[in-house]
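Scroll down for the structure; my scribbles are underneath it.
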């Protein structure tokens, strides 16, 4: 699956016509969604579907090991869906407005996103630490070029900051991986035979190489945790996020928020919890505290923002904080296992939900910037009249983000809060306050932008000129491609909200496995 | 039966969503017809479900969430009564709304239907997740309904306040659900809450009570209801009768066993209800705006229901809920009729309105009489059923209940007095008469006329068939006398006002009219600290964002240091070494002159030197 985008990318290298490029991209994105759904349908509880395991560097126990389980399958599906939405959204951008008059730039743009899709799927399917690390790092490099090449404002600076933060994080994480592998080389497995140096995630999970080695375990967890926490991002390592989101192009922001942030939280679920159960249980309180601080910090910061893109960026910090809280609560063996499975399930649903909803929000904010040159909330008012499609989708996306029942955010937040409360009541009640703040900030933004007298920035109010082969529509409202992109994401959110069993039935068994592993 | 229940929940929601998404801008008869058909279908289904309760198995709808946790909806006795009430009032409100041109829109009708669906799900919910989901949808739908007139700059803040107040208190439900999970409540069932681990009872009860008080606009959360009056009148009629504010009371009724198990929760609920009933009764009695008067009186009446839930008079509270729903929907729809025709809600400007529009004036008066609690109308029976439930030891609660009863009579009589007052001033009459050519829409008159029947008879019938307990004769006579006296005194005092020349009195009345400044206080008390905190956090975050790069800037500094201290000396040393090598090379090249005689000379010198060396070695070796 992850090879397909690269193959298409190779095919598209000699192409220069914009229409062919975009057509190929959309076609591939649709294909990937279909593949992801097919792959998902074959996931069974206990074990990995579509497993591929080939030795790669046998001397160091590095293998090419891929597979899907109940936690990765929904994330892969979400990734393909977000990339499809981004492809659709990019269809009818005006080349002149995008400074994409040069067709080679359009090609580079498409190729970068194809590469990103490939490595993102790679990260979520990798079952080998080195493979995970490789995909993880390549995604950082590709995203650097997206921000630096197509961004706005101080894009060079933001891109560099993003790159440095996450790259340093990944290096620290690599140290942790090495420590795990070397420890496995010295430890004996569950059956008594020596495991040997290995980077294989299932083998390491079975061996639990650092069991009973307190300090080494804590240091390893700290290394891996810091690397993942930067990417997630967790307070106080989140400061790269807002500038990167604000200056990235809308499609880049959407992918960055929807997919790349998930690599951090996914890493916690896939690596930190099952491979380092003892240290995780010991450090669960740290995760809980950092989670709660992220929740409140992100919510309050978002409340103080004036720009819609920055506002959404900070709500990402808030939403990821809930994930960390839930995962921390899963480390409390004293609480019932039912509640902890609920917490981990909720955390995974939150990853999917945040992906589709925040992706939609960033695309919508990008539309504002596209039309009026600014996404400052105060610059827009009374949009319900001139931009009805935009208003509806924005309202639905905002309500999904603040956790309205019937949409995916509710399922996730409800499961996480209810699942965490038995383990850490005080922290959970504090984190619940974040829900109220998020509701406040979204409602304030909505009523300021959608209600009241019509007031648009001058650029959006001017009748657009004729450019290129397409006549630009007279209304500043969402166009067909944009509506389809955002509608697709919100439809996914609605589906999860109305029938949570769609995803929870797959996730819950895998989450139960994770909880079992962490309580060893 | 399960199918019927699914139909009951799905029909309004799906019809509403179709109208909202596909035809938000459609107007006219088709939209109204679609809305009414959906509403009438729900009424029929609800009645069918309700008639089956008790004789057939309880219909249940189970949607799996995760393992043993489910969204379960069921129609038990309480739910049966409530679904009928909600659907009937919803249908009548939609009918009345069709009388106003601007409300015949897909956007409005669709949102009302979604709202109704959410309320139906709330009253039939049997597990906590099943309750929480529609509970929050209802809050969001109320936001959209209150902000319907989106051009009006005032509706945004008012709708936002309604949504935020209820949403914040809803967090209580999240906490309660988590605590129920921790307590091991089987299936998180609402009926089984008291069966869990008693250590968690307190937290569950606290969460539920917070959520219920917020939704029911009890003190200190009453302010949002006043702002909600900015919405269209049919919305007010819906929000203040059978839905929204009633949901809190329903939740407390369902949680009765748990509240009793904790002890303090039941007492707290009873006192908050009693206090709200008295204080908001006072607020209602000094309003000059008809809709605000009715809103404050809603708070007070819901306070009595909450009181009933707190003291365990469940049947009485449920009866009061239904009777009050009919009465209040009637009053709000009539007020909306006048608002549509006369363009005012101010009581002084509405003088004589009932005389000019007897079609809604007479039903309004019947409603006001019922609201006042005058025997033998509905509210008299049901209110007494609540009051009789107060235990003997609780004298304070009894006094508060009687006071609230009297105050509701004062408020209702005040409204009726203004509406029947003959208009003396010629200018007002002339101005008013020009507008009398406009008729109250027929739809509103019909809806109001239908609601008169339950407003009059419901209480008596419910007591007769035994659904609501009959209070003893002494109680009934006492409240009857109190109410009639209070009403008569109010009428007389309005007709021959006693002028109290005291600034304090005027100020007190102003505070009362402003809902005790609750709304004014909430902003600075909650909003300002949060935004200040947010700004503070933003500054802290900015310095955090600077601190890490500054720490990272140490790396280039270190690199420069390495270059200056470590790297350059090595470079210099290497350069010197290279110079030395080059000098040696130069030295080695010097003998290569290319002239043969010099090579011979060098050869002779070399051989001579070697020979001498050999001689020395040999000589040394011999020695």
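All of the numbers you see were taken from the coordinates with simple rules; none came from a lab. Predicted, not measured: the structure shown is a model, and the values here were computed from it. Because the Cβ atoms are built from the backbone with ideal geometry, glycine has one as well, and the counts that use them run over all protein chains shown.
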- So the FRET efficiency between residue B:595 and residue B:622, C-beta based with R0 = 41 Å and rounded to 0.05, is 0.55
- Task: Could you calculate the FRET efficiency of residue A:15 with residue B:554 from 1/(1 + (r/R0)^6), where r is the beta carbon distance between them and R0 is 56 Å, rounded to 0.05?
- Result: 0.75
- Note on the structure: Footprinting proxy, B:65, A:456: sorted fewest to most Cβ within 10 Å, the residues are A:456, B:65
- Query: Taking other Cβ within 10 Å of each residue's Cβ, how do B:494, B:240 sort, fewest first?
  - Reply: B:494, B:240
- Note on the structure: The extension gain from residue B:457 to residue B:602, computed as 0.36 nm times the residue separation minus the Cα-Cα distance, is 38.0 nm
- Quick P(r) readout (chain B; Cα-Cα; 20 Å bins; whole %) gives 18, 45, 16, 5, 4, 5, 5, 2
- Give or take rounding to whole Å, what are the principal axis extents of the alpha carbon atoms in chain A, in descending order? 75, 54, 40
- Counting only DSSP beta bridges with both partners in chain B, the antiparallel fraction in percent, to the nearest 5, comes to 90 percent
- Centroid-to-centroid separation of region B:198-247 and region B:103-157 [C-alpha atoms, Å]: 13 Å
- Task: Take the alpha carbon atoms of region A:239-267, find their center, do the same for region B:441-491, and report the distance between the two centers in whole angstrom.
- Result: 61 Å
- Item | Euclidean distance of C-alpha centroids, region A:278-329 and region A:41-95, integer Å | 26 Å
- Query: With contacts defined as alpha carbon pairs under 8 Å and 6 or more residues apart, what's the relative contact order of chain B in percent?
  - Reply: 11 percent
- Would you kindly calculate the translational diffusion coefficient of region B:1-126, applying Stokes-Einstein with the Kirkwood radius from alpha carbon pairs, for 25 °C and a viscosity of 0.890 mPa s, and quote it in µm² s⁻¹ without decimals? 167 µm²/s
- Taking A:307, B:541 and counting other beta carbon atoms within 10 angstrom, the fewest-first order is A:307, B:541
- Which value in nm describes the separation of the simple spin-label points at residue A:519 and residue A:211, placed 7 Å from the Cα toward the beta carbon? 1.6 nm
- Message: Averaging over every viewing direction, what projected area does the convex hull of the Cα atoms of the protein assembly as shown cover, in nm²?
- Response: 64.2 nm²
- Sequence-separation-based contact order of region B:52-119, relative, with Cα cut under 8 Å and 6+ spacing, percent: 22 percent
- By how many degrees, 0 to 90 and rounded to 10, does the Cα axis of helix B:128-146 deviate from the longest principal axis of chain B? 80 degrees
- Message: Could you tell me the calculated FRET efficiency between residue B:544 and residue A:426, based on Cβ-Cβ distance and R0 = 22 angstrom, to the nearest 0.05?
- Response: 0.35
- Item | Average Cα contact separation per residue, region B:1-126, under 8 Å, 6 or more apart, as relative contact order % | 43 percent
